[in-house]
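Participant: Can you keep this structure in mind? I'll have questions shortly.
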Amino acid sequence: MSLSRYLLISFLFCSCSSPLTFNYSIDINNPEENIDSRLTINIYVDNSNNIEIELQAFPKEVNLVDAYQIVFDMKFRDDYESEFNGVCIGPNWDVYGPGEFTIHLDNQNNFKNSIKGTLTQESDDRCNNYFYYARFLDMDMKNGDKYFIGVATDYGGLYPDAPNVWKLDDNNEIELIFTSNIERYSINFELSK
């Protein structure tokens with residue numbers, strides 16, 4: 001094998017790292033409404049600071065679920081203990097820019113979707129880590145029902161605090177129907193420079 005071919009193969013092998021994977025289970029405490037799911041987050045980072053976040057949901061009852069929508073928010077500061085008073089900006093996400101982003105996982109795409117972004121030197125915010133957490137999680141069912149699954153704390157009161165699960169009723173009013181195994185801010189991932 002020639003040296004140039006060996007170097008090309010070595011470069012491709014080194015630049016395609018295996019993903020950092022996070023797995024979560026969403027177990028709802030109500031036997032009448034079987035909306036339990038699993039969520040997998042795969043994070044790919046290459047040598048050029050390009051990032052891809054790939055999410056896939058695995059509903060226990062695929063024939064009941066139409067789509068998921070997950071909003072991820074970022075912690076405001078890298079370390080609240082330090083003297084640094086700046087703001088963490090984070091990667092620049094395609095379509096969304098830095099900070100918060102939304103992922104739609106629908107049945108037609110096997111509940112799988114991804115978002116890409118780039119860590120740029122121009123936005124050097126002196127933060128080394130970016131902590132993302134699920135802020136909102138919705139489930140749209142094929143029969144038209146909609147569930148709001150609490151995954152964080154909603155200070156505005158328009159969304160359930162974890163571990164509560166709300167359902168949009170026939171009158172378009174939200175009612176607390178049961179709870180889940182999700183603790184506040186427990187669906188999360190961290191990116192590092």
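Participant: What pairs can you find where one residue is in the stretch 160-189 and under 21 Å from residue 103 (Cβ atoms), the other is in a strand (DSSP E or B) and basic (Lys, Arg), and their Cβ atoms are less than 6 Å apart, with a gap of 6+ or different chains?
Facilitator: Note: pairs meeting the criteria are 168/146.
Yes or no, residue by residue, for (1) in contact with a Leu (Cβ under 7 Å, 6 or more places away or on another chain); (2) part of a loop (DSSP other than H, G, I, E, B); (3) at pLDDT 90 or above:
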| site | (1), (2), (3) |
| --- | --- |
| 104 | no, no, yes |
| 130 | yes, no, no |
| 147 | no, no, yes |
| 154 | no, yes, no |
| 183 | no, yes, yes |
| 191 | no, no, no |
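Participant: Assuming residue 163 fulfils every condition listed in (1) open to solvent by 10 Å² or more (accessible area, probe 1.4 Å); (2) modelled with pLDDT of 90 or more; (3) touching an Asp or Glu at 6+ places or on another chain (Cβ under 6 Å) apart from one, which condition is it?
Facilitator: (3)
Participant: For the stretch 126-149, does any single residue satisfy the condition of being hydrophobic (A, V, I, L, M, F, W, C), buried (at least 17 other Cβ atoms within 10 Å of the Cβ), touching a strand residue (DSSP E or B) at 6+ places or on another chain (Cβ under 7 Å) and without any contact (Cβ under 8 Å) to a residue 24 or more places away in the chain? Give the steps one after another, and end with the answer.
Facilitator: Let us first name the residues in the stretch 126-149 that are hydrophobic (A, V, I, L, M, F, W, C), namely 127, 131, 134, 136-137, 139, 141, 148-149.
From the residues that got through so far, the ones that are buried (at least 17 other Cβ atoms within 10 Å of the Cβ) too are 127, 131, 134, 136-137, 139, 141, 148-149.
Within this subset, residues satisfying the condition of being touching a strand residue (DSSP E or B) at 6+ places or on another chain (Cβ under 7 Å) are 131, 134, 136-137, 139, 141, 148-149.
Next, only the ones that are without any contact (Cβ under 8 Å) to a residue 24 or more places away in the chain stay: none.
No, there is no match, as no residue in the stretch 126-149 is hydrophobic (A, V, I, L, M, F, W, C), buried (at least 17 other Cβ atoms within 10 Å of the Cβ), touching a strand residue (DSSP E or B) at 6+ places or on another chain (Cβ under 7 Å) and without any contact (Cβ under 8 Å) to a residue 24 or more places away in the chain.
Participant: Follow-up question, since we're still on this one. Step by step: first the residues of the stretch 59-86, then only those that are surrounded by fewer than 14 Cβ atoms within 10 Å (Cβ to Cβ) and over 22 Å from residue 148 (Cβ atoms), then the one that is modelled with the highest pLDDT. Which residue is that?
Facilitator: Across the stretch 59-86, the extreme among qualifying residues is 76.
Participant: Here's a follow-up. Please go through (1) modelled with pLDDT of 85 or more; (2) in a loop (DSSP other than H, G, I, E, B); (3) not hydroxyl-bearing (Ser, Thr, Tyr) for residue 30 and return the number of the only condition it doesn't satisfy.
Facilitator: (1)
The values are calculated or read from the model by the stated rules, or taken from the named source; none is laboratory data. Being a predicted model, the structure only gives us computed values, none of them experimental. Glycine also receives a Cβ, built like all others from the backbone with ideal geometry; neighbour counts cover every protein chain displayed. These accessible areas exclude ligands, DNA and RNA; they are computed on the full protein's heavy atoms, side chains included. Shrake-Rupley method; radii C 1.70, N 1.55, O 1.52, S 1.80 Å.
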